[in-house]
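The values are calculated or read from the model by the stated rules, or taken from the named source; none is laboratory data. What you are looking at is a predicted structure, and each value in this text was computed from that prediction instead of being measured. Glycine also receives a Cβ, built like all others from the backbone with ideal geometry; neighbour counts cover every protein chain displayed. Keep in mind that these areas ignore ligands, DNA and RNA; they rest on the heavy atoms of the full protein, side chains included. Shrake-Rupley method; radii C 1.70, N 1.55, O 1.52, S 1.80 Å.
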Amino acid sequence: SICFSDMGNEADYIRIDWPARQHPWSFKMSHDPMQQPEVHSPAQPYPSIGCGIRVRQPHLDSRFILDVNVIDGTVMAPSIPFTKTWRMRNTGNAVWARGTRLVWIGGDRFSEKDSVEICRDCVPIGEELEISVDFTAPEFPGRYISYWRMAAPSGQTFGQRVWVLIQVDSSLKDLLGDS
């Protein structure tokens with residue numbers, strides 16, 4: 001309303017309070033036809049600060065940088081405890097708040113925990129952090145993989161999935177002895 005009244009003679013304009021909904025595959029759209037249009041309703045209008053300026057919504061994201069230790073395919077003896085560490089970067093446009101966690105999302109479960117708190121303080125945008133989880137190699141030989149992902153304090157997961165992939169070899173237990 002403010003912008004409308006500042007833009008000249010009201011007789012020159014037709015006021016449309018909410019955008020008309022278009023079929024996603026309409027060829028009359030004014031944007032890339034391969035992109036889905038954003039559809040907003042009066043209950044959920046475009047986020048803006050006025051005069052058509054959109055506010056960028058906070059977006060949590062993470063990117064895997066490096067396996068600090070226990071690289072994929074590491075061979076281990078059965079029942080050996082170990083710690084896996086990943087280096088992750090905050091690639092979103094929001095700070096990772098206190099209570100952000102790395103959570104188990106699937107695969108083999110060979111950690112006593114299903115989540116670990118990543119830090120006691122916030123992680124700024126663009127910063128990297130090393131995140132560690134304690135595991136115990138399974139008792140039986142085979143290939144094991146456990147998948148993990150970042151989660152906001154609300155529980156919403158975000159960012160790239162990371163994993164630990166190990167090979168348990170019972171012959172290593174004989175080499176190490178029954179200690």
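With the other protein chains left in place, how much accessible area per residue, in square angstrom, belongs to region 84-179 at a 1.4 angstrom probe?
55 Å²
Can you bin region 61-123 into rounded, prolate or oblate? Criterion: square roots of the alpha carbon gyration tensor eigenvalues sorted a ≥ b ≥ c, rounded for a/c under 1.5, prolate for a/b above b/c, oblate for the rest.
Prolate shape, in that a/c is at least 1.5 and a/b is the bigger ratio.
Could you check the simple spin-label distance between Q57 and L172, using points 7 Å along Cα→Cβ, in nm with one decimal?
Going by the 7 Å Cα→Cβ label model, 4.5 nm.
Extending each Cα 7 Å along its Cβ direction at F140 and N69, get the distance between those two points in nm, one decimal.
Each label point lies 7 Å from its Cα, and together they span 2.9 nm.
Please say if region 118-179 is rounded, prolate or oblate, where rounded means a/c under 1.5 for a ≥ b ≥ c the square roots of the C-alpha gyration tensor eigenvalues, and otherwise the choice is prolate for a/b larger than b/c and oblate otherwise?
It comes out prolate by the Cα gyration axes.
Considering only protein heavy atoms and a 1.4 Å probe, what is the carbon-and-sulfur percentage of the accessible area of region 79-175?
47 percent
Which net charge results for the neighbourhood of N69, defined as the other residues with beta-carbon distances under 15 angstrom from its beta-carbon, given Lys and Arg at +1 and Asp and Glu at -1?
-2
Contact order normalised by length for region 55-122, with contacts defined as Cα pairs under 8 Å and 6 or more residues apart; what percent is it?
Once divided by the residue count of region 55-122, the mean separation gives 33 percent.
Go ahead and run the numbers for FRET between A152 and K113, Cβ-Cβ distance against an R0 of 25 Å, rounding to 0.05.
0.90
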